[in-house]
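Worksheet: one structure, shown below.
Every number in this text was worked out from the coordinates using simple rules, so none of it is lab data. Note that the structure is a prediction, hence the values are computed from the model and not measured. Note that each Cβ is placed from the backbone with ideal geometry, even for glycine, and that neighbours are counted across all protein chains shown.
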Amino acid sequence: MLAVGRGRIAVVAGDANGTELLISLRGRGDLLGELAMGRNTVRSATARAIDQCIAHHVTAESFQAFLAEHAADAVLKDYLVSKLSETVPYHLHLVHFSPLRRVARLFTELVALADQDHPYRERIPLTQEAIAGALGLARSTVAEQIAVLRRDGTLTPQSRPAIADLDALRRHAGVLNLPQ
């Protein structure tokens with residue numbers, strides 16, 4: 001298992017054709033591989049660093065000892081339920097939300113997960129191709145949505161998208177109470 005100390009990580013799952021879909025995003029304080037470790041099974045997804053990360057390897061034995069020492073089994077169960085429940089919105093927005101809302105939600109979460117002291121916290125660290133793959137959209141559709149967000153001042157005009165107006169991005173995403 002890995003404990004994320006810094007940075008953002010995309011968790012993706014692939015199909016037999018090699019197509020990958022974003023399952024979730026993780027950041028500082030999150031665990032990776034905790035499900036496979038708990039069930040003693042192989043991984044079901046791939047974790048990819050989005051930006052520079054620091055993660056700490058934790059063996060199953062040391063993690064189990066930590067849980068026992070701190071009587072933290074219930075805390076772990078709550079954590080697992082909360083992280084599993086985060087995957088549902090990804091599936092919902094892939095089916096029910098407009099492409100603009102899907103892109104805005106992804107950007108909003110990327111900014112929210114960035115470390116507070118990250119020098120380029122407002123910059124979107126993914127290519128249009130990666131965004132398209134993560135959201136199950138065509139790259140041309142992602143480019144159109146980024147153009148819309150640039151035209152209304154939500155994103156900067158630079159070649160690598162960056163957030164110019166976080167409140168506007170949140171309105172596009174349909175969420176208003178995410179951490180800054």
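Here the chain is treated as a sphere whose radius is the Kirkwood value from Cα pairs; by Stokes-Einstein at 4 °C and 1.567 mPa s it diffuses with a coefficient of 75 µm²/s. Distant-in-sequence amide contacts of ALA162, defined by a placed amide H-H separation under 5 Å and a gap of 5 or more residues or a different chain, comprise ILE124, THR156.
Taking only C-alpha pairs under 8 Å that are 6+ residues apart, what is the relative contact order of region 99-180 in percent? It rounds to 40 percent for region 99-180. Just to confirm the number: angle between the C-alpha axis of helix 99-113 and the first principal axis of the chain, 0 to 90 degrees, nearest 10? Around 50 degrees separate the two axes. Angle of helix 60-69 to the longest C-alpha principal axis of the chain, folded into 0 to 90 degrees and rounded to 10: 80°. The packing ranking, built from the mean of other Cβ atoms within 10 Å per residue, places the peptides 146-153, 97-104 in the order 97-104, 146-153, highest first.
Determine the distance separating the Cα centre of region 115-131 from the Cα centre of region 57-88; give it in Å without decimals. A separation of 28 Å, based on Cα centres.
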